[in-house]
1. Of the numbered conditions (1) open to solvent by less than 20 Å² (accessible area, probe 1.4 Å); (2) under 16 Å from the mean Cα position of the chain (by Cα); (3) within 20 Å of Leu76 (Cβ to Cβ), Phe262 satisfies every one except a single condition; which is it?
2. Can you pull out the residues in the range 257-293 that are closer than 13 Å to Leu36 by Cβ and touching a helix residue (DSSP H, G or I) at 6+ places or on another chain (Cβ under 6 Å)?
3. Suppose the filter is modelled with pLDDT under 95 and either surrounded by 16 or more Cβ atoms within 10 Å (Cβ to Cβ) or under 17 Å from the mean Cα position of the chain (by Cα) (or both); does Asp289 pass it?
4. Go through (1) acidic (Asp, Glu); (2) farther than 22 Å from Tyr257 by Cβ; (3) out of contact with any Pro (no Cβ under 9 Å at 6 or more places or on another chain) one by one and return the number of the condition Glu50 breaks.
5. Does Glu2 satisfy being at pLDDT below 95 and under 17 Å from Ala300 (Cβ atoms)?
6. Across the range 70-95, which residue is farthest from Leu230 (Cα to Cα) among those that are open to solvent by less than 10 Å² (accessible area, probe 1.4 Å) and without any contact (Cβ under 8 Å) to a residue 60 or more places away in the chain?
7. Looking at the range 227-238, I want the residues that are part of a helix (DSSP H, G or I) and have a partner that is basic (Lys, Arg) and open to solvent by 10 Å² or more (accessible area, probe 1.4 Å) with Cβ atoms under 8 Å, at least 6 apart or on another chain. Which pairs are those?
8. Which of the residues belonging to the range 133-164 are under 21 Å from Ser219 (Cβ atoms), over 19 Å from the mean Cα position of the chain (by Cα) and open to solvent by less than 60 Å² (accessible area, probe 1.4 Å)?
Amino acid sequence: MEHSGYINSDPKADAAALHKAFKGLGTDEDVVINILAHRNKQQIEQIDHEYRIQSGSGTSLQHALTKELSGSFRSLCVGVATPVIEYKKRELKDAVEGLGTRESTVIDVLTQSSNEELREIANDADLYKMVLDDVSGDFKQVVVASFRGERPHGPISEGEAVELERVFYKAGEGKIGTDEKKYIDIITKHSYEALQQINEIYKKNHKHGLIPAVESETSGDLKRSLISLLKTKEEHFADRLHDAIAGLGTDERVLIYVFSIFDKATLHKIGDIYKAKYKESLKDAIKGDTSYNFGKMLLALLE
């Protein structure tokens, strides 16, 4: 019996198999891949519980993976073995610690997490302060709005959509200069469905949608964050994966993030969008751009 691509399994047996894989000289990476790539987050939490018991010293599965594996393969396996909210908080903290900020990670986390996740992240007062201290300007307003975790769901009335489209146009392409505050207000305070309604009206009136308007009227992290909010998570991460794979070299951090937080069903939806948009399957793109156990693990997660 299977659940959305995951097999029913015995967490005690899985934990024992992992202990065995880590024993002696070297590690049996195939065992790690066969287990972690085919268990969901809940199942892996159960395996971790059993692993701690069997270790005799309370050693966690994450700790064992960190010790026994290396490189991008290790980062991916640890990510897969980490609860989603814990992983997102860890990545967010890593993005703002030290010199400079990795704004792309801040955008990935804050524009593509659920309201519940955003409120839980914001409840970590130290992390909340770290992020806000590290961003500035109009982009900071998007970050603050996202942290509230109050983005509504569902459509709006036709009349409201018409009025918001008028306001959006007058704030940007319909004037000299741009009223970024209005852009931020409309995009952060309305659901994806509502923004799609506004987008359709905008296209009828101005021959293109909201994303080209944002691209022409804003720049930098503000532009990237607003465009992300205008997409579904599947659309956003299909584009992020393409950018990570298409250029010179591979941004493995993006692949690790996406494959660590999403289940197989969502990864398949991302893959469908990827193929429709870029005329290549995500599987083939990964095959051509990754290697060894890192590539094997990514492909197994896509099965």
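The values are calculated or read from the model by the stated rules, or taken from the named source; none is laboratory data. Not measured: the values here are computed from a predicted model. So basically every Cβ, Gly included, is an ideal-geometry build from the backbone, and we count neighbours across all protein chains shown. Surface areas here come from the heavy atoms of the whole protein model, side chains and all, with no ligands, DNA or RNA. Shrake-Rupley method; radii C 1.70, N 1.55, O 1.52, S 1.80 Å.
1. With respect to (1) open to solvent by less than 20 Å² (accessible area, probe 1.4 Å); (2) under 16 Å from the mean Cα position of the chain (by Cα); (3) within 20 Å of Leu76 (Cβ to Cβ), Phe262 is out only on (1).
2. Phe259, Ser260, Asn293 - these are the residues of the range 257-293 that are closer than 13 Å to Leu36 by Cβ and touching a helix residue (DSSP H, G or I) at 6+ places or on another chain (Cβ under 6 Å).
3. yes
4. Status for Glu50: all satisfied but (3).
5. Answer is yes for this residue.
6. Ranking the candidates gives Ala95 first.
7. Glu234/Lys269; Ala238/Lys277
8. Initially, the range 133-164 is screened for residues under 21 Å from Ser219 (Cβ atoms), giving 134-146.
When the remaining residues are screened for being over 19 Å from the mean Cα position of the chain (by Cα), the result is 134-138, 140-141.
Of everything in the range 133-164, those that are under 21 Å from Ser219 (Cβ atoms), over 19 Å from the mean Cα position of the chain (by Cα) and open to solvent by less than 60 Å² (accessible area, probe 1.4 Å) turn out to be Asp134, Val135, Gly137, Asp138.
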